[in-house]
Amino acid sequence: MTTSPIERAADSFAAELARHRIGRGLSKKQLAALMGFDPSYVSHVEGRRHRPTEDFARRAEAVLAASGAIWQRFREYDKLRHARTGARHREPPLPGQWLPPGTGLVVERELATLTYADDGYRCVIRRELYNAGTEPVTRYLVRVAVDRYPNDPGRSNRHHRVHPLTFAELQLRAYRNEGSEREPMRWRAKHDRDAVKEIWLLFENAEGRFPLYPRDRATIEYAYRVGREKWGPWFQRAVRLPTRHLAVRLDLPAELDPQVWGVETSLSAEEGPLRTQIQRHDEDGRARFDWATDDPPLNARYRMQWRFRTRPRDDEPATSSGGGRASDRMRGIGILQRGDDLLRQPARQFDLTGEGRTAREVVDRLSVFLARLDELHPFSKGVGLAAPQLGLGWAAALVRPADRAAEPIVLLNPRVVDSAAETDEQYEGCLSFFDHRGLVRRPLRIDVEHAQWDGSRVITSFEYAMARLVAHEIDHLGGRLYVDRMAPGVPLVPVEEYRETGNPWRY
């Protein structure tokens, strides 16, 4: 039975550690790996087989972002431990944030600037480094990643396989700055992939070596270029070293009327908006967007995104589906857009005994367009198309589930005859209103009566994702759009800000 104050304090530390680890959804081995310890170490500490050390407590506090709770439990334990032993010698204090194993570097300040011009993007990263370790630092790892279509991973992968990023086009330059001195730094490739380059910046050049020694500071700066055909509308910074201050600047042409927003993620939180505001300043035809934060947590990621309201000259605009506004692409292949009168008119029912050929021609045309759509956009949630969206006033629609290999379901003269009382709300898009997404409540099951090719009628039950897709298309045949079913006052989300592109429905 635990009775002594120091044992109770050790129990409290282990319990606090376990509570935050479980709350973050991490196993003991996963947490140990993030902290840089042997896989069994966290298990030993939580099981009281190892006593916690100051280094362990600081690392756990930083990785689990425990708001000081883990560190407070350690201080209580440590105070009792030293009071009991009367030890005069204590472990030397560590810097304010824990240092990842194998490095003693701290980024005291970082300024990352991305500038867009006619020839593409130029990125300049400036970092003020401090060596808080015990060994000289002779190299520094940097990462350059591109993603032409950030909301469409499959399309980006295909694009970069055909148009890979190359070291030659980067024109990478790196320097170490000390006062008025500016020493060029050599570099060496570590990893070379189609869309990602990892590079060692070396603290050396043809004149000699200049390591960053313990307790010394230095500012490094590196710059590279990427053509606009390979760079999508985003700029992300990942916190891989303890960082005191992080600042990001976007420098964009004001004539393109840029709109900028940002998101952040961390080990302890899902993606959400930036906690501090982006500031805009216009000068000399440029729109500059500045954002900064202090003491960002390790492994956090901060992404600034933008869209140009005015199309860049000779460029493919940055949208989730590429090529102008999303609705313009749909309109360009012949899909009617919101505002067209035909979309508000109820479709005409087929008399399949005498209009069977017409029905097959309409369905064939829908099939051709469905195949064409797959070339323009990934429909990971499934897709449907109704005849009125092609300017055909007939009661026919095709609906294909998320599995592209599945055959589309043909709906002729459909009507909903029953539905479940249980409903859910999810975001829907529409080929006829493709610039936005809207939150729509629908039943989790619907029963649909529809015609066969011979004119006979059947009833088919659809559930979950297919129920939503089918209900959406039947609405089209009745002259309704999904916006008609949205709750009053609920705003539409521009497709550029919609975060679930590429993800399946959630049930």
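If you place +1 on the Cβ of every Lys and Arg, -1 on the Cβ of every Asp and Glu, and leave all else neutral, what size is the dipole of the chain about its Cα centre, to the nearest 20 Debye?
Working: 80 positive and 73 negative charges, 333 e Å.
I would put it at about 1600 debye.
Taking 30 Å as R0, compute the FRET efficiency from the Cβ-Cβ separation of A69 and D424 and round it to 0.05. Don't jump to the answer; show the numbers that get you there.
Numbers: r = 36 Å, r/R0 = 1.20.
Step by step, r from the Cβ atoms, then E = 0.25.
Find which of G393, A371, G438 sits farthest along the positive direction of the dipole of segment 326-497, computed with +1 on the beta-carbon of Lys and Arg, -1 on that of Asp and Glu, about the Cα centre.
Result: G393.
How far is it, in nm, from the label point at R280 to the one at T353 when both lie 7 Å from their Cα along the line to the Cβ?
Spacing of the two 7 Å Cα→Cβ label points: 6.4 nm.
Would you mind calculating the relative contact order of segment 105-308 from Cα pairs under 8 angstrom and at least 6 residues apart, reporting the percent as a whole number? Please list the in-between numbers first.
Numbers: 471 pairs, mean separation 53.6, N = 204.
Once normalised by length, the contact order is 26 percent.
What residues have an amide H closer than 5 Å to that of H163, excluding those fewer than 5 places away on the same chain, when H is modeled at 1.01 Å from N in the peptide plane?
For H163, no residues qualify.
With a cap of 11 neighbouring Cβ atoms within 10 Å, and only residues DSSP puts in a loop, list the trypsin sites (Lys or Arg not before Pro) found in segment 378-430.
Values: sites: K381, R404, R415; in loops: K381, R404.
Nothing satisfies the criteria.
Once you have the Cα-Cα distance between R309 and R8, take 0.36 nm times their residue separation minus that, and quote the gain in nm to one decimal.
Details: separation 301, 0.36 × 301 = 108.36 nm, distance 6.15 nm.
My answer for the length gained is 102.2 nm.
Measure out, as a whole number of angstrom, how far apart the alpha-carbon centroids of segment 330-399 and segment 182-216 sit.
Measuring centre to centre over Cα atoms gives 57 Å.
I'd like the distance separating the alpha-carbon centroids of segment 1-71 and segment 438-465, in whole Å.
Taking the Cα centre of segment 438-465 as reference, the centre of segment 1-71 is 53 Å away.
Per residue of segment 469-484, in order, report the coupling 6.51 cos²θ - 1.76 cosθ + 1.60 (Karplus, θ = phi - 60°) as ³J(HN,Hα) in whole Hz, putting x for Gly and Pro.
After applying 6.51 cos²θ - 1.76 cosθ + 1.60, I find 5, 5, 4, 4, 6, 5, 4, 4, 5, x, x, 10, 10, 4, 5, 5 Hz.
Amide H neighbours of G232 under 5 Å, counting only residues 5+ apart in sequence or on other chains, H built in-plane at 1.01 Å?
So G232 has HN proximity to D147, R148.
Using a 10 Å cut-off on Cβ atoms, rank the peptides 219-229, 446-456 from the highest mean neighbour count down.
Numbers: 219-229: 17.3, 446-456: 15.5.
The densest-packed peptide leads the list: 219-229, 446-456.
Tell me, in nm to one decimal, what length is gained between K190 and V124 on full extension, where the rule is 0.36 nm per residue of separation less the Cα-Cα distance?
Taking K190 through V124 to full extension adds about 21.7 nm, to one decimal.
Quick check: Cα centre of segment 239-264 to Cα centre of segment 110-148, how many Å?
Segment 239-264 and segment 110-148 have Cα centres separated by 14 Å.
Quick one: 3J(HN,Hα) in Hz for segment 327-343, Karplus 6.51/-1.76/1.60 with θ = phi - 60°, rounded, Gly and Pro as x.
5, 5, 5, 5, 4, x, 9, x, 8, 4, 10, 3, x, 6, 4, 5, 5
Output the relative contact order of segment 374-470, whole-number percent, from Cα pairs under 8 angstrom with separation of 6+ residues. Numbers along the way, then the final one.
Working: 173 pairs, mean separation 21.5, N = 97.
Averaging sequence separation for qualifying contacts and normalising by length gives 22 percent for segment 374-470.
Sum up the lysine pairs in the chain that clear both bars: alpha-carbon distance under 28 Å and a spacing of 8 or more or different chains. Before the final figure, lay out the partial values.
Values: K28/K79; K29/K190; K190/K230; K197/K230; K230/K381.
Eligible lysine pairs with Cα atoms under 28 Å apart amount to 5.
Give a residue-ordered list of calculated ³J(HN,Hα) values for segment 362-369 (Karplus: 6.51 cos²θ - 1.76 cosθ + 1.60, θ = phi - 60°; whole Hz; x for Gly, Pro).
Coupling constants for segment 362-369: 5, 5, 4, 5, 4, 5, 4, 5 Hz.
Using per-residue counts of other Cβ atoms within 10 Å, averaged over each peptide, order 134-141, 356-363 from highest down.
On the way: 134-141: 14.9, 356-363: 16.5.
Going by the mean number of other Cβ atoms within 10 Å, highest first, we get 356-363, 134-141.
Please report the relative contact order for the chain, taking Cα pairs under 8 Å with a sequence separation of at least 6, and give it as a percent rounded to a whole number. Present the calculation step by step, with values, prior to reporting the outcome.
Details: 978 pairs, mean separation 53.9, N = 507.
Dividing the mean separation by the residue count of the chain yields 11 percent.
In terms of the Cα gyration tensor, with a ≥ b ≥ c the square roots of its eigenvalues, is the chain rounded because a/c is under 1.5, prolate because a/b exceeds b/c, or oblate?
oblate
Under a Cβ-only charge scheme (Lys and Arg +1, Asp and Glu -1), can you give me the dipole magnitude of segment 105-308 about the Cα centre, in debye to the nearest 20? Present the calculation step by step, with values, prior to reporting the outcome.
Working: 35 positive and 32 negative charges, 123 e Å.
In total the dipole reaches around 600 debye.
Using r as the Cβ-Cβ distance of A33 and S367, and R0 as 56 Å, what FRET efficiency do you calculate, to the nearest 0.05?
Working: r = 50 Å, r/R0 = 0.89.
Calculated transfer efficiency: 0.65.
Ranked highest first by the average count of other Cβ atoms within 10 Å around their residues, in what order do 393-402, 51-60, 14-23, 161-170 fall? Write out the running numbers ahead of the final one.
Numbers: 393-402: 22.5, 51-60: 19.9, 14-23: 17.3, 161-170: 13.1.
So the peptides 393-402, 51-60, 14-23, 161-170, ranked by packing, come out 393-402, 51-60, 14-23, 161-170.
Taking only Cα atoms, what is the 0 to 90° angle, nearest 10, from helix 69-85's long axis to the longest principal axis of the chain?
20
Just so you know, all these numbers are worked out from the coordinates, no wet-lab data involved. Nothing here was measured: the structure is a model prediction, and the numbers come from that model. Positions of Cβ are backbone-derived with ideal geometry, glycine not excepted, and every protein chain shown enters the neighbour counts.
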